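Enquirer: What follows is a structure written as structure tokens; I'll ask about it next.
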Amino acid sequence: MSIRYPEHWFASVNPLHEVVERDARAWFTRLQVVRGAEEERVFEAMSVGLYGGCPFPLAGWRELRTVTRALSLWIFWDDAIEGTALPPESVGKAIRGELKELRHVSPYLRGWWEIGRQFRTTMSEAWLREQENRFGSWVDAVSQEAGLVNAARRTGRQPPVDQYLALKAVIGGALPVTHWVEYAQRQELDAVTRAHPARWDVEMLAASIVGVVNDLVGVTKDFAADWPNVVRSFADERRCRLDEAFGLAARLHDDLVESLQEAERRLLKDADSPGTRRWLDGIHHVCAGFACWHVSAPRYRVVHHIGESHMRIAVEPTTALATPTSMR
């Protein structure tokens, strides 16, 4: 089964990805996030250089270093806080680079503070506030996810696809990442583009696309952990085999890609500018780049064998989904 993107959404991996990976390893060691064999295993399984270099292929050294550190820290942090409460105000102050007391904070919050300081050197207060809000939404969604998991385990029923996908778009963490496109490009969106409803539609659809890919490569892990997954939701909702549900999830992915292109057309109709088109290119790179990273990182699987269901996922470019030349 293949998931498809327009050809122009792909770009070669950022040539700085290997040196940025070495930098990230040294940074995590300094923070004492990586302290032993288990953390080293997690680091290696992430393919850290590709984690930043695939979705941000055109970023400069400083920007790629920042987003690569942030993406990788997020995985370590997510594992550390799973099932625990975390004060949203602490996260917000850290990601804005505003924590004043650092002597007693965790290595994770110190890391977010250092990343926040990098954002602060380039981005406006308005941008930083939106970044704080997006992280706050993610923290809130963590508790919602816990409720969803508990309900599914108690009832033996997975959440409906629409309900699950709405939460996955937030809990997957892609909304802060799409916000980083402006940082990576060293240019904030103009007021007209930022205020346009289709701009948010583009970002929500991008987050949903990334979330579905994450589930497609995580079916085995989520099934073993009795964790929600869009494939499991399709299987329950349609009362079908897992391999059939896997195909439905892949087709949902392609439908989301087409919906994103439609949202682009609505945005460009009212807010066409070189900056907006450049930002859309960055969103494309995030979507296709994360897909390429997901299917290559040892952390995930492209082949799943669960009971009698056998599933495989691949990523391919296609001209069938390409945006018309007049829109590019």
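The values are calculated or read from the model by the stated rules, or taken from the named source; none is laboratory data. All values derive from a computational prediction rather than experimental measurement. Glycine gets a Cβ as well: all are built from the backbone with ideal geometry, and neighbour counts include every protein chain shown. These accessible areas exclude ligands, DNA and RNA; they are computed on the full protein's heavy atoms, side chains included. Shrake-Rupley method; radii C 1.70, N 1.55, O 1.52, S 1.80 Å.
Enquirer: Accessible area of the chain with a 1.4 Å probe: how many percent of it is carbon plus sulfur?
Expert: Here it works out to 51 percent.
Enquirer: Moving on. Could you state, as a whole-number percent, how many of the C-alpha pairs of the chain are farther apart than 25 Å?
Expert: For the chain, the fraction of Cα-Cα distances above 25 Å is 51 percent.
Enquirer: For the chain, what does the accessible surface come to per residue with a 1.4 Å probe? Please give it in Å².
Expert: Result: 44 Å² of accessible area for each residue.
Enquirer: Next question. Measure off 7 Å from each Cα along the Cα-to-Cβ vector at R251 and I306, then give the distance between these two points in nanometres to one decimal.
Expert: Spacing of the two 7 Å Cα→Cβ label points: 1.9 nm.
Enquirer: Something else now. Okay, helix-only estimate at 222 nm for the chain: each DSSP H run of n ≥ 4 adds -39500 (n - 2.57), divide by all residues, round to 500 deg cm²/dmol; what do you get?
Expert: The helix-only estimate for the chain comes to -22500 deg cm²/dmol at 222 nm.
Enquirer: Using θ = phi - 60° and the Karplus form 6.51 cos²θ - 1.76 cosθ + 1.60, what ³J(HN,Hα) does each residue of region 163-169 get, whole Hz, x for Gly and Pro?
Expert: Those phi angles translate into 5, 5, 5, 4, 6, 4, 4 Hz.
Enquirer: Over the chain, what is the percentage of antiparallel beta bridges among all DSSP beta bridges, to the nearest 5?
Expert: Antiparallel bridges: around 45 percent, rounded to the nearest 5.
Enquirer: At R239 and E262, where each label point lies 7 Å from the Cα along Cα→Cβ, what is the point-to-point distance in nanometres?
Expert: 3.0
Enquirer: Further question: What nm distance separates the two modelled labels at R129 and A166, each placed 7 Å from Cα along Cα→Cβ?
Expert: 2.7
Enquirer: Contact order normalised by length for the chain, with contacts defined as Cα pairs under 8 Å and 6 or more residues apart; what percent is it?
Expert: 27
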